[in-house]
C-alpha cells in the first residue's frame with residue numbers, strides 16, 4: 001500500500017517534533033523497492049514528488065505512491081538479513097579449514113583429485129558484485145526537483161478595493177501583500193498584452209468606478225442636506 005492522506009499528516013507531525021520518520025519503498029520506486037529510508041522534509045505544494053527521503057548517502061524526492069509506512073517488526077526483519085550478509089562477507093572464523101589440505105603434487109601422469117578441482121573453481125562470497133546504485137533515477141529526480149519551482153513568481157491581486165503585489169523565489173515568499181495604486185496596477189495589467197487579462201481588469205475597474213460614483217452621490221446628498229440646514233439657521237437669526 002502507498003501512503004494515504006492520514007499517513008502524510010502523521011509524517012508531518014513527526015517532522016514537526018524534530019524527528020525523521022522511517023518509510024519503506026514500494027515496487028513503484030524501482031531499484032530501491034523493499035528498502036527503507038527516512039523522510040527529512042515535505043514540500044508545501046503537496047504535488048508530485050514532494051516527500052524528500054534520505055537513504056544511504058542520497059536525499060531524493062518521492063511521490064506517495066512510491067512509499068509506504070513500515071509494518072510492525074518490519075525494521076527488525078530487514079535488519080537481520082543485513083547482519084547475516086555482513087557475517088558471510090567477513091569470511092569463516094579462524095581455525096582449521098573446512099577442506100582438507102591440498103595433497104602433495106601428484107606424480108607425473110597421475111590425474112588430479114576431485115577435491116583439488118573443486119577448490120580451484122570455488123569463489124569466496126566477498127567477491128559477489130554489489131547491486132548497482134540507481135544513478136539514473138537519482139539524476140532524473142534531481143532534475144525534476146530543480147525544475148519544479150520557477151525562479152521568480154510575481155502575483156498581482158485585488159481584494160476589498162485594494163491592489164497588492166507579492167513575489168516568491170521558488171517555494172520561498174520574498175514579498176507579501178505590498179499595496180499598489182490603481183494606476184500602477186492597471187499599468188502592470190496592460191503590459192501583459194493579454195486579451196483575457198484586459199477583460200478581467202475591465203470588469204474590476206467598472207465595479208470600482210460604480211462604487212466610487214455611489215459614494216460620491218451619497219456625499220453630495222449629505223452636503224446638500226447640511227447646506228440646507230445651515231441656510232435655514234441663517235434665516236432664523
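Readers should treat all values here as calculations from the given coordinates under stated rules, not as data from a laboratory. Predicted model only: the values in this text are computed from it and were never measured. All Cβ positions, glycine included, derive from the backbone under ideal geometry; neighbour counts span all protein chains shown.
Summary of computed values
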| quantity | calculated |
| --- | --- |
| Per residue convex hull volume, Cα atoms of the stretch 153-236, in Å³ | 116 |
| Extension gain from residue 235 to residue 31, taking 0.36 nm per residue of separation minus the Cα-Cα distance | 63.7 nm |
| Proxy reagent accessibility, fewest Cβ within 10 Å first, across 58, 234 | 234, 58 |
| Whole-Å distance, taken between Cα centres, linking the stretch 1-29 and the stretch 171-223 | 44 |
| FRET efficiency for residue 218 and residue 173, using Cβ-Cβ distance with R0 set to 35 Å, rounded to 0.05 | 0.35 |
| Calculated FRET value between residue 205 and residue 226, using beta carbons and R₀ = 41 Å, to 0.05 | 0.85 |
